[in-house]
Amino acid sequence: MRRLICLPCLVCLLFSILLVQAAHAKEDTDDSDEVAFKDFNLNIGDRIDLGDYQMELIEIQSVRDGLVVMRTSKVGGPLDEQRALLLDSPNTFDGGAENGGITITVADIFDEQSAKVRIEYQKSLGTARKHASERPAAALDKPELSVQKSFERNQMSVGDEVKVTLTVKNTGTGQALGIKAEDAPPLPEFSYVAGYPPKIKETLDSGQSDSAVYVMSAVKDGSIRVPAIIVSYTDAKKNAKSNSSEPFNILISPKSKADLAVKLAGLAPIALDGESMLNISISNSGTASATRIEADGTVMPSEGLQVTGLEKSFFEIMPGEEANYSVRLLGQKPGNYTIRLIVNYEGGDGSVIREGTAVVVVLEREYKYQYLLLIVPIAIVIAWMYRRYREYKY
Amino acid sequence: MLNVLMLGVGQCGNRILDAINREAFGGGGAANLAKYYLRPKFPSRVETLAINTAINDLKELRFTTAKDRLHVPNLHGVGANRNVGKQAFMDNRDMIMGEIEKRGDFDIAFVITSTSGGTGSSFTPLLINELKRQYRDITVVTVAILPAREEGSIYLQNAAFCMRELMEVDAEGIILADNQNMKRFGGDIASAYNKINDMIAKRLLFLIESLDSEMLSVTDLGDFKTVMNGGLRIGTMGFYQADSKNLSISDAIENSLKPANLLYPANVADDSARAMIIIQGSREHLDVDEITKEVERLTASAGHVFKGIVIKKGNPKVLSVFTLASAPELESIYAQAARGMQDEKEKRCRARKQLDDAFAHIEDLEEIY
């Protein structure tokens with residue numbers, strides 16, 4: 001009984017299968033003229049085989065213009081054509097897909113090496129397949145410029161000159177053409193001394209670099225944001241490109257000045273016909289070097305005190321440093337004398353004058369035991385009065 | 001040059017001697033400082049010695065050198081007791097005379113003392129005797145100060161006995177000064193006594209200077225001795241300095257003899273025995289005829305008048321020294337002293353009787369314990 005039940009089921013299953021296959025066979029027959037399409041991502045040299053047709057990506061002629069060159073041929077047929085295809089424009093071969101041929105459309109251009117291509121064809125031609133090229137990928141002809149703008153130092157003072165260096169290097173594989181550097185607008189905190197605007201070679205081969213230097217002088221203090229410099233160029237296919245440097249900050253301090261202080265020390269009174277030394281110290285308490293320091297002085301009254309070595313010159317006194325020298329004094333006549341020392345120097349803001357004065361006393365000739373002339377009589381008087389006091393003390 | 005010894009005995013004598021030393025420094029306030037740088041300037045060789053039994057009295061002196069202060073050790077003074085004083089002198093006689101002897105020989109000695117005190121009144125008569133014994137040719141003149149009458153009965157008693165003893169010793173004379181007469185000069189007692197001391201000091205120095213000066217009309221120590229030997233051998237001094245308003249020398253002489261200018265109140269016309277008039281001043285002020293006339297007028301009452309004229313720049317100064325033929329004021333002092341002594345004696349008797357009566361209450365009793 002169980003066998004009687006299973007047998008009709010098996011028959012029904014076989015029958016169903018036969019019905020499905022029959023239906024399928026009928027459908028294939030109906031779709032043989034239907035147009036199919038398929039997208040391929042092709043690199044240069046890659047090929048698509050579709051039946052007897054062969055389509056090969058020859059080159060990306062212009063990414064900007066959307067031109068791709070493909071070669072289309074048919075095995076055993078007369079078709080062997082290399083055509084520049086415009087982006088998004090269908091190109092028919094052998095009448096196109098509607099007429100049993102093929103239609104090729106460049107759907108997208110990725111770069112100089114690859115593009116997306118759509119193939120339309122009748123299914124009867126078979127299935128389109130991609131054959132990757134076994135040729136090594138052709139070297140890219142792609143220039144790439146790196147731009148760097150640098151200051152000699154990031155901190156400076158008003159009046160300082162600073163050197164700015166602009167460096168452009170072609171790190172790409174192709175030649176960069178029509179290079180233009182735009183370093184504008186000029187910074188108002190600087191006056192441009194020389195070399196501006198910077199000039200860079202118009203053409204740089206791969207690996208080549210060029211630099212331009214210009215000099216500026218800081219004229220205004222503050223923190224400054226140095227803007228990026230933009231370099232524009234094209235590659236061999238006139239593709240325009242550009243790159244820019246990184247902006248950065250610099251600090252301009254107020255103007256540095258030298259500040260000299262003149263100090264005259266060692267002014268003990270001088271005995272008549274005695275000698276003494278006057279120590280002169282010129283110290284720079286400013287922030288800039290003092291240069292071309294000339295020291296000279298006068299003595300008032302001019303006679304009676306002989307001063308030797310008062311005139312002196314120094315080339316430079318650095319900030320925080322000092323220069324010292326000594327002057328020999330010879331007292332020739334008693335009195336008070338004023339030594340006036342005048343120091344002239346370049347302090348970063350023109351010529352500056354500083355003065356220092358000192359009073360020198362030349363003593364009267366001291367007679368030995370002169371003071372006894374006063375003390376002895378007083379002592380005698382006191383002794384005498386004490387003696388008299390004792391005489392009357394009872 | 002005269003060799004002069006000036007002895008100040010007792011507190012009063014010491015102070016007058018100190019005033020003399022101050023005058024030798026120029027006197028006044030300047031003397032306070034001058035003593036430290038000047039030597040005393042005496043007209044002759046003058047030696048001074050202050051003698052006292054009270055050391056505190058000696059300490060009060062300011063212008064007498066320490067070596068010229070002689071302390072006679074007798075506790076602290078003699079308490080106005082002349083008997084104690086005499087005993088103290090006798091006990092220390094050699095020491096006192098030794099101190100005087102150290103100072104050399106002298107032509108004249110002035111012994112300055114109060115007659116009423118203890119030390120001075122008791123020492124002075126004995127001291128004069130010793131001086132006369134030790135220095136045969138010396139002239140000794142006592143300058144005796146009589147007390148004010150209200151100073152007390154003991155002082156009056158001392159004055160009375162002292163004066164009697166002074167009259168008995170062999171001195172050339174006594175120059176009296178009476179505090180009763182002179183204390184009117186000052187406002188308070190202390191300044192009055194100081195003024196008296198200064199007055200006596202100036203007159204004594206004036207006298208010494210005059211005796212030792214070259215004179216237009218000479219008076220010397222002999223004349224002075226003669227004057228002092230006149231009358232009772234008790235004399236006094238008058239002094240007057242003419243001012244610019246009245247430079248008349250005759251008026252100056254007359255004024256010097258007025259009671260107000262005398263150390264002892266006396267009537268020169270009635271009481272004087274001998275006199276010496278010493279006149280000092282600029283030559284233009286000293287009219288000899290006028291002086292002679294005035295002296296002659298004085299001679300009519302005083303018996304004999306020595307006159308000396310010293311030419312020295314300045315207004316006329318007149319020192320008059322005279323001895324008295326009678327001293328009625330002294331008699332009143334003695335009378336007052338006698339009354340005081342009698343009263344004292346009666347008081348003592350009454351007190352003794354009262355005490356004896358008190359003791360009579362316990363005459364027959366004994367102490368019971």
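If only one of B:A269, B:A351 is surrounded by fewer than 13 Cβ atoms within 10 Å (Cβ to Cβ) and closer than 19 Å to B:S250 by Cβ, which one is it? Working first, answer last.
Working: B:A351 fails: closer than 19 Å to B:S250 by Cβ.
Among B:A269, B:A351, only B:A269 is surrounded by fewer than 13 Cβ atoms within 10 Å (Cβ to Cβ) and closer than 19 Å to B:S250 by Cβ.
Quickly run through region B:21-69 and pick out the residues that are without any contact (Cβ under 8 Å) to a residue 40 or more places away in the chain and either farther than 24 Å from A:Y386 by Cβ or more than 13 Å from chain A (Cβ to nearest Cβ) (or both).
The answer is B:G26, B:G28, B:G29, B:A30, B:K41, B:N56.
Conditions: (1) touching a Gly at 6+ places or on another chain (Cβ under 8 Å); (2) farther than 23 Å from B:E344 by Cβ; (3) surrounded by fewer than 22 Cβ atoms within 10 Å (Cβ to Cβ). B:M167 meets all but one. Number of the miss?
(1)
Just to confirm my filter: which helices (runs of 4 or more DSSP H) fall fully inside region B:161-280 and include at least 3 residues that are among the polar types (S, T, N, Q)? It would help to see each step written out before you state the result.
Numbers: elements: B:179-182, B:189-211, B:221-228, B:249-256, B:268-271.
Those helices (runs of 4 or more DSSP H) span B:179-182, B:189-211, B:249-256.
Do we have any residue at all in region B:130-138 that's within 18 Å of B:A54 (Cα to Cα) and touching a residue at least 24 places away in the same chain (Cβ under 8 Å)? Don't jump to the end; show me each part of the working.
We begin by selecting, within region B:130-138, every residue within 18 Å of B:A54 (Cα to Cα); these are none.
Checked region B:130-138: no residue is within 18 Å of B:A54 (Cα to Cα) and touching a residue at least 24 places away in the same chain (Cβ under 8 Å).
Just give me the residues in region A:162-199 being within 18 Å of A:V219 (Cα to Cα) and either of a type in the set (K, R) or in contact with an Asp or Glu (Cβ under 7 Å, 6 or more places away or on another chain) (or both), in sequence order.
Across region A:162-199, the qualifying residues are A:V162, A:K163, A:V193.
Can you pull out every residue in region A:330-353 that is part of a strand (DSSP E or B) and crowded, with 19+ Cβ neighbours inside 10 Å?
Result: A:G331, A:Y337, A:I339, A:L341, A:V343, A:Y345.
From (1) farther than 19 Å from B:S116 by Cβ; (2) surrounded by fewer than 21 Cβ atoms within 10 Å (Cβ to Cβ), pick out the condition that doesn't hold for B:G231.
(2) is the only condition that B:G231 fails.
Give region A:270-296 a look and list any residue that's farther than 17 Å from A:V362 by Cβ and of a type outside the set (S, T, Y), or say none.
Narrowing region A:270-296 to residues farther than 17 Å from A:V362 by Cβ: A:279-296.
Hits for region A:270-296 are A:N279, A:I280, A:I282, A:N284, A:G286, A:A288, A:A290, A:R292, A:I293, A:E294, A:A295, A:D296.
Looking at (1) under 30 Å from A:T287 (Cβ atoms); (2) outside any strand (DSSP E or B); (3) β-branched (V, I, T), which is the one condition that is false for A:T127?
Against the list (1) under 30 Å from A:T287 (Cβ atoms); (2) outside any strand (DSSP E or B); (3) β-branched (V, I, T), A:T127 comes up short only on (1).
Determine if region A:127-142 includes at least one residue that is surrounded by 13 or more Cβ atoms within 10 Å (Cβ to Cβ), modelled with pLDDT of 85 or more and over 19 Å from A:N41 (Cβ atoms).
no
Testing A:F40 on (1) surrounded by 16 or more Cβ atoms within 10 Å (Cβ to Cβ); (2) in contact with a Phe, Trp or Tyr (Cβ under 8 Å, 6 or more places away or on another chain); (3) of a type in the set (F, W, Y), one condition comes back false. Which one is that?
Only one criterion is unmet by A:F40, namely (2).
Pairs under 6 Å by beta carbon, first residue over 13 Å from A:D221 (Cα atoms) in region A:149-160, partner at pLDDT below 85 and part of a strand (DSSP E or B), six or more apart or different chains?
none
Which members of region B:67-83 meet the condition of being over 22 Å from the mean Cα position of the chain (by Cα) and on the phi < 0 side of the Ramachandran plot?
Once the filter is applied, which keeps residues that are over 22 Å from the mean Cα position of the chain (by Cα) and on the phi < 0 side of the Ramachandran plot, region B:67-83 yields B:K67, B:P73, B:N74, B:H76.
Answer yes or no: is there a residue in region B:13-27 that is surrounded by 15 or more Cβ atoms within 10 Å (Cβ to Cβ), within 19 Å of the chain's Cα centre (by Cα), of a type in the set (K, R) and under 30 Å from B:E214 (Cα atoms).
yes
Could you please find all residues in region A:81-95 being of a type in the set (D, E), assigned to a loop (DSSP other than H, G, I, E, B) and over 18 Å from A:R64 (Cα atoms)?
Scanning region A:81-95 gives a single hit, A:D94.
Yes/no per residue for (1) within 14 Å of chain B (Cβ to nearest Cβ); (2) within 60 Å of the chain's Cα centre (by Cα):
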residue: A:F314; (1), (2): no, yes
residue: A:R328; (1), (2): no, yes
residue: A:R354; (1), (2): no, yes
residue: A:Y369; (1), (2): no, no
residue: A:V376; (1), (2): no, no
residue: A:I382; (1), (2): yes, no
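The values are calculated or read from the model by the stated rules, or taken from the named source; none is laboratory data. Just so it is clear, the model here is predicted, and its values are computed rather than measured. Every residue, glycine as well, gets a Cβ built from its backbone with ideal geometry; the counts of neighbours run over all protein chains shown.
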